[in-house]
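Step one of this worksheet: look at the structure below.
The values are calculated or read from the model by the stated rules, or taken from the named source; none is laboratory data. The model shown is predicted, which means the values in this text are computed figures rather than measured ones. Positions of Cβ are backbone-derived with ideal geometry, glycine not excepted, and every protein chain shown enters the neighbour counts. The protein model used for the area step is the full one, side chains on, heavy atoms only, and it has no ligands, DNA or RNA in it. Shrake-Rupley method; radii C 1.70, N 1.55, O 1.52, S 1.80 Å.
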Amino acid sequence: MKIAVLPGDGIGTEIVAEALRVLEALDLSFETETALVGGAAYEAHGHPLPESTLKLAKEADAVLFGAVGDWKYDKLERSLRPEQAILGLRKNLGLFANFRPAICYEQLVDASSLKPELIAGLDILIIRELTGDIYFGQPRGRRTAVDGHFPGAEEAFDTMRYSRPEVERIAHVAFQAARKRSKRVTSVDKANVLETFQFWKDIVTEVGKEYPDVELDHMYVDNAAMQLVKAPKKFDVVVTGNMFGDILSDEAAMLTGSIGMLPSASLNSSNQGLYEPSHGSAPDIAGKGIANPLATILSAAMMLRFSLNQPEAADRIESAVKHVLAQGLRTADIWSAGTTKVGTREMGDAVVAAITKKTITG
Ligand code: NAD
């Protein structure tokens, strides 16, 4: 097993270091190789995703990614900005399925802005199509309008498009994921207005017939946004396109009140994947030793489960995280009165201790 380790920028290096210590504590045999990505790679090699980093990521079974970005790069031309590295990795590795679980841990119920009864026990999985839709559709650009409301005016445009195979493969991913959970899929679309999403809905319905044991329902994206804050526990697996998934997965993340807790996985058709926390590089707290490493540690657990075929090791990490929360240890972002505030390193130490003391069972 080979893991490409790409810590990136800001808190990326701090949180990935803790995830690596946790992986090492499991006593599995795997090889790791670290490379620069994002702003750090731009500084050293003039590009956020150098050829050498891309080659390493392609050859590895999985990529453990921290975060990239800093406000200081905002003035660079778009192709050189740190965030382009993520898009480049998604494209080159064919990572079309993004898994974003939103889990509310019992001990962190009060971190949510929603009432505890709405959120306690929340466990939903948002599956977002990651390589199509309006984010990648061509043509796009700026031009002089020849029609529309203001002919002759400057305008900008993007193209929303999905092909049948793109929708079919993400639908299969969702139904298969639902089979391992409570066998319910909600497909989110905007079929009432958009041709692309009527097509999406038709194909998801067709694919659903191959999974008669999984219950499928459809919801418009505006309603889904409302239901996520009104009754989030109604959902189990949510599958949707790239743009709606981008927005809904952040909304779902915020339901838990703690972005520092949420892992993510992006997979291709051979289960090679990129694993990263759902948050960014948090330049405001970088270097202070206070970032929450748990999202990255839980991303490493997802990596063991999905790409490295080590589900028991993944269970051990997840149990260890629950254990440290039950001990009352909290980084600043999830701290509340009556709990013990710890830094990044101490949180990593506590997870390692929970794993190595074997006080945790899988
Ligand atoms: P962010 O997620 O980095 O930070 C938002 C807020 O959450 C900040 O107050 C930050 O301190 C806090 N936060 C985030 N992660 C935390 C953690 N693990 N522990 C404690 N607190 C945490 O989002 P932003 O501030 O909008 O963006 C900062 C930079 O990150 C930008 O350059 C942006 O482009 C980039 N970004 C990168 C990714 C990625 O690498 N996948 C994702 C989102 C944003």
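Quick check: net charge around Ala332, other residues with Cβ under 14 Å of its Cβ, Lys/Arg +1 and Asp/Glu -1?
0
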How many nm is it between the label spots at Asn271 and Lys183, if each spot is 7 Å from the Cα in line with the beta carbon?
-> 2.3 nm
Which Rg and Dmax, in Å, describe the Cα atoms of the chain?
-> 20.7, 71
Taking a probe of 1.4 angstrom, what is the accessible area of Met302 in Å², to the nearest 10?
-> 10 Å²
Just from the alpha-carbon atoms, what are the Rg and Dmax of the range 19-70 in angstroms?
-> 12.6, 37
Please work out the Cα center distance from the range 17-56 to the range 297-362, rounded to the nearest Å.
-> 21 Å
In nm², what is the average projected area of the convex hull enclosing the Cα atoms of the range 283-362?
-> 5.7 nm²
Once the Cα atoms of the range 245-300 are picked out, what are the Rg and Dmax in Å?
-> 12.4, 39
Net charge of neighbours whose Cβ lies under 12 Å from the Cβ of Ala282, counting Lys and Arg as +1 and Asp and Glu as -1 = -4
Could you run the Karplus curve 6.51 cos²θ - 1.76 cosθ + 1.60 with θ = phi - 60° over the range 251-263 and give me ³J(HN,Hα) per residue in whole Hz, x for Gly and Pro?
-> 5, 4, 4, 6, 4, 7, x, 9, 4, x, 9, 9, x
Just subtract the alpha-carbon distance of Asp250 and Gln327 from 0.36 nm times their residue separation and send over the number in nm, one decimal.
-> 24.9 nm
Label-point separation in nm, Lys2 to Ala337, each point 7 Å along Cα→Cβ = 5.4 nm
Would you mind checking the range 181-203 for residues with the amide N under 13 Å from a putative spin-label position 7 Å along Cα→C-beta of Glu168?
-> 203
For the residue pair Glu59 and Glu24, what label-to-label distance in nm results when each label sits 7 Å from Cα along the Cα-to-beta-carbon direction?
-> 2.3 nm
Selection from Phe96, Gln198, Gly152 lying farthest towards where the dipole of the range 94-203 points positive, charges on Cβ | Phe96
Compute the length gained on full extension between Glu195 and Arg345: take 0.36 nm times their separation in residues and subtract their Cα-Cα distance, giving the result in nm to one decimal.
-> 49.0 nm
If one puts a single equal scatterer on every Cα of the range 97-263 and applies the Debye formula without solvent, what log₁₀ I(q)/I(0) results at q = 0.15, 0.18, 0.20 Å⁻¹?
-> -0.82, -1.06, -1.23
Using modelled amide H (1.01 Å from N, peptide plane; none on Pro or chain starts), what sits under 5 Å from the amide H of Ile126, excluding residues fewer than 5 places away?
-> Arg100, Ala102, Val238
Roll a 1.4 Å probe over the protein heavy atoms and report the accessible area of Val193 in Å², nearest 10.
-> 100 Å²
Trypsin sites (Lys or Arg not before Pro) lying in DSSP loop within the range 159-262, provided at most 16 other Cβ fall within 10 Å = Arg161, Lys180, Arg181, Lys183, Lys209
Any chance you could look up the accessible area of Ile290 with a 1.4 Å probe, heavy atoms only, rounded to 10 Å²?
-> 70 Å²
Could you order Ser163, Ser29 so the one with the most accessible surface comes first? Probe is 1.4 Å.
-> Ser29, Ser163
Roughly how many whole Å is it from the C-alpha centroid of the range 123-199 to that of the range 217-294?
-> 17 Å
